[in-house]
Amino acid sequence: MTQVLIGTTNPAKVEWFKNLFSQYDVQLISPDVLGISGEPEEIGVTPEEIAAGKAQFYGAHFDRVVCGDSGLYFDGLALNDARQPGLHVRTPGGLPRLSDEDMIVHYTGLISHLGGRVRAYYLNGMAACFRGQVWSVLEEPASAMKRMFYMVDRPSPRRRPGWPLDSISVNPVSGKYYVDDIPDKGETGENSGLYWQGMVQGLANALQLHGWHDCGK
C-alpha cells in the first residue's frame with residue numbers, strides 16, 4: 001500500500017482527503033504521524049498557489065504529498081469588497097487568526113448585516129508533490145459557482161472541528177446544515193461527483209498512484 005502525506009493539520013480536511021481517496025489503494029497519513037513540526041506560510045493570490053506552496057513545504061519531508069486550499073466567496077459582494085472572505089477565511093479583514101467559535105461569531109454577525117442569508121461558494125485549488133515535483137490545479141470559478149450554497153446567521157448547535165462554518169452553511173437541496181447533512185463541503189450540484197472524481201484522478205496521476213476501482217463494479 002502506497003503512503004501519501006496529507007499536507008494539513010486540520011482534522012476535518014484530513015478526513016475529507018481520506019474520503020476523496022477512498023477508492024485508491026493508499027494509506028493517507030497526517031504530519032503529526034511523521035513528527036513534522038511547523039506549518040507552511042500561506043503565500044499566494046489564488047487557492048492553487050497556496051496549495052502548491054504547501055505541497056512544496058511538505059514535499060521536503062515525504063515523497064508523496066497532497067494538499068488543498070479554498071477561498072470562500074459571497075455572491076453579490078465584489079471581489080475587492082473588504083467584507084469578502086476570499087483567501088482569508090480565518091483572518092478576515094486582517095484580524096488575528098480566529099478560533100472555530102470566533103469564526104462562527106464573526107460570520108454570523110457579517111451575514112446578519114447582509115440580510116441574514118447569503119449565497120456562497122468555495123473556490124478550490126489542489127496540489128500534489130511527487131519526489132520534489134509539484135503539480136497543481138485551480139478549478140474554474142464557473143464550476144465552483146455551480147456548487148453554490150447558503151450561509152445563514154443562525155448556527156446549528158452541532159460543530160465539526162476544523163470546519164466551523166459547516167454549522168452556518170446550508171445545503172440548498174435538502175435545506176439542512178452541512179454539519180448535519182453533507183460531510184464534504186461544497187459538494188452540491190448535479191456534476192459535483194464528476195468534478196471531484198476528475199480532480200482526484202489528476203492528483204493520483206501526479207502522484208503515480210494505482211489501484212482505483214469503479215464503485216459500480
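What pairs come up if the first residue lies in the range 93-110 and is more than 15 Å from F74 (Cα to Cα) and modelled with pLDDT of 95 or more, the second is surrounded by 12 or more Cβ atoms within 10 Å (Cβ to Cβ) and among the hydrophobic types (A, V, I, L, M, F, W, C), and their beta carbons are under 8 Å apart, counting only those six or more places apart or on different chains?
Qualifying pairs under 8 Å: M103/V89; M103/L165; I104/L165; I104/I168.
Quick one: in the range 88-106, which of the residues that are open to solvent by 30 Å² or more (accessible area, probe 1.4 Å) and part of a loop (DSSP other than H, G, I, E, B) is farthest from D63 (Cα to Cα)?
Taking the candidates together, the pick is L95.
Assess whether Q23 counts as being open to solvent by 50 Å² or more (accessible area, probe 1.4 Å), in contact with a strand residue (DSSP E or B) (Cβ under 8 Å, 6 or more places away or on another chain) and touching a residue at least 24 places away in the same chain (Cβ under 8 Å).
Judged against the criteria, Q23 is not a match.
Would you mention how many residues in the range 153-175 are charged (D, E, K, R) and either at pLDDT below 95 or within 14 Å of the chain's Cα centre (by Cα) (or both)?
2
Scan the range 177-192 and give yes if some residue there is exposed (fewer than 15 other Cβ atoms within 10 Å of the Cβ), at pLDDT below 95 and more than 14 Å from the chain's Cα centre (by Cα), otherwise no.
Yes - at least one qualifying residue is present in the range 177-192.
Which members of the range 8-20 meet the condition of being within 12 Å of the chain's Cα centre (by Cα) and either surrounded by 15 or more Cβ atoms within 10 Å (Cβ to Cβ) or in a loop (DSSP other than H, G, I, E, B) (or both)?
T8, N10, A12, K13, V14, E15, W16, F17, L20, listed by residue number.
How many of the residues in the range 25-48 are closer than 22 Å to Y73 by Cβ and part of a loop (DSSP other than H, G, I, E, B)?
So the count comes out to 5.
Among (1) more than 30 Å from Q3 (Cα to Cα); (2) touching a strand residue (DSSP E or B) at 6+ places or on another chain (Cβ under 9 Å); (3) open to solvent by 20 Å² or more (accessible area, probe 1.4 Å), which single condition is R131 missing?
(1) is the only condition that R131 fails.
Scan the range 36-54 residue by residue and report those that are modelled with pLDDT under 95 and within 19 Å of R131 (Cα to Cα).
Within the range 36-54, I36, P40 qualify.
Which residue out of M145, M126 is at pLDDT 95 or above and in contact with a strand residue (DSSP E or B) (Cβ under 7 Å, 6 or more places away or on another chain)?
M126
Within the range 44-67, track down each residue that is buried (at least 20 other Cβ atoms within 10 Å of the Cβ), among the hydrophobic types (A, V, I, L, M, F, W, C) and within 21 Å of T2 (Cβ to Cβ).
The answer is A51, A55, V65, V66, C67.
The values are calculated or read from the model by the stated rules, or taken from the named source; none is laboratory data. All values reported here derive from a predicted model rather than from experimental measurement. Note that we place each Cβ from the backbone using ideal geometry, even for glycine, and neighbour counts take in every protein chain shown. Heads up: the accessible areas ignore ligands, DNA and RNA and are worked out on the full protein's heavy atoms, side chains in. Shrake-Rupley method; radii C 1.70, N 1.55, O 1.52, S 1.80 Å.
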